[in-house]
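Notes follow the structure.
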Amino acid sequence: MPMLLQDRDVQGPTTTRRPRGRRLLAAGIGVAVAVPLAGLAVDRFTGWDPFGQEVVDRSTTPLLLALDDLHEYHAATGTFQVVIDQERDTPYVPSVLSGERTTLLATGTVDAYVDLEDLGADRVTLSADGGSATIVLPAPRLAEPRVDPTESRVLDRDRGLLERVGDAIEDDPVDDSALYAEAEQRLAAAAAESDLTDRAADNTRTMLTTLAGSLGVEDVTVTFEPAPGAAG
């Protein structure tokens, strides 16, 4: 018997629909990945980075506070290095509980200079024909030592439990100023024992002799006064 139309099972092609939310999420992920990749491609081929950060400089213009005339000829400089190893203990308390030991490697420089501020006519004697001259200068001096922080560093630091707990509670950074001050004193002492002032005297003598020679004075004698406190 023929089947009635209404009795037939009409089946069409099956269509699977993705939820709208998933499509939007996929599209968003695609954009999030594609945009940075496009930016990297543009940066590689054109040198322009659309995601590069810009620096806004709001610094002020340098302000000139003072101008000073220098009357010192820095004729020599010495570079020195010293290891400062200091330990601070608390009496009758183990070092594990309280105390500190720090080892600092300090590198710095000391200049030797000659003061030319009083270089007047009374210190220069010129011969009648102008062919020779005698110059008397103050003795070379040593300038204050300068520790270079970029070349100096703490090699080791061992602190007791109480010091570490105190730093954590008070949020007080470690102060190494006393170590650097001690390093400066050691550098000054090392410079005083070196031949830095003798080299400064030789370099000053060479400089003045060359200068006088350019002015037509061929024979120049440069002498230095005794250093303050020197014997003899």
*Rounded to whole Hz and in sequence order, give me ³J(HN,Hα) for the stretch 143-150 from the Karplus expression 6.51 cos²θ - 1.76 cosθ + 1.60, θ = phi - 60°, writing x for Gly and Pro.*
7, 5, x, 10, 7, 8, x, 6
*For the stretch 128-137, what does the Karplus curve 6.51 cos²θ - 1.76 cosθ + 1.60, with θ = phi - 60°, yield as ³J(HN,Hα) per residue in whole Hz, taken in order and with x for Gly and Pro?*
4, 8, x, x, 9, 8, 10, 10, 10, 10
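Each value in this text was obtained by applying a stated rule to the coordinates, not by laboratory testing. All values derive from a computational prediction rather than experimental measurement.
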